[in-house]
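Comments concern the structure below.
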Amino acid sequence: MGSEAYGGNSNGQRCTFPFVYKKQLFYTCTNAGDKMGHFWCATTHNYDRNKLWSYCPDTILGGNTAGKSCAFPFL
């Protein structure tokens, strides 16, 4: 069962970077493989092996710049 806040199947676990997805290394959230184009991340270093994931919070929880990711650092 996934977290209500972030979806996925990791019970609210945080993203782990970098992570492997389809033998490619990712250092940020990706929308690769998501049919709706939502950004997600693995919650272990190897999605290919563990299949554990969560949606990335900055891309699904709103804000006032629709569709844009967070920029770091911010003041």
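The values are calculated or read from the model by the stated rules, or taken from the named source; none is laboratory data. What you are looking at is a predicted structure, and each value in this text was computed from that prediction instead of being measured. Glycine also receives a Cβ, built like all others from the backbone with ideal geometry; neighbour counts cover every protein chain displayed. Areas reflect the complete protein model, heavy atoms only, side chains present, ligands, DNA and RNA absent. Shrake-Rupley method; radii C 1.70, N 1.55, O 1.52, S 1.80 Å.
Using a 1.4 Å probe on the protein chains only, how many percent of the accessible area of the stretch 1-56 belongs to carbon and sulfur? Walk me through the numbers on the way to the answer.
On the way: 1950 of 3770 Å².
So the carbon and sulfur contribution to the accessible surface is 52 percent.
Mind ordering 39-46, 25-32 by average Cβ neighbours within 10 Å, highest first? Display every interim value, and only then the final one.
Details: 39-46: 19.6, 25-32: 13.9.
Going from most to least packed, we get 39-46, 25-32.
When Lys and Arg each count +1 and Asp and Glu each count -1, what net charge do the other residues less than 13 Å away from Phe19, Cβ to Cβ, add up to? Kindly include the intermediate steps, with their values, before the conclusion.
Numbers: positive: Arg14, Lys22, Lys23, Arg49, Lys51; negative: Asp48.
Summing Lys and Arg as +1 and Asp and Glu as -1 gives +4.
Stokes-Einstein D for the stretch 1-55 at 37 °C, 0.692 mPa s, Kirkwood Rh over Cα pairs, in µm²/s? Intermediate results must be reported in sequence, preceding the final value.
Values: Rh = 10.8 Å.
For the chosen part, D equals 303 µm²/s.
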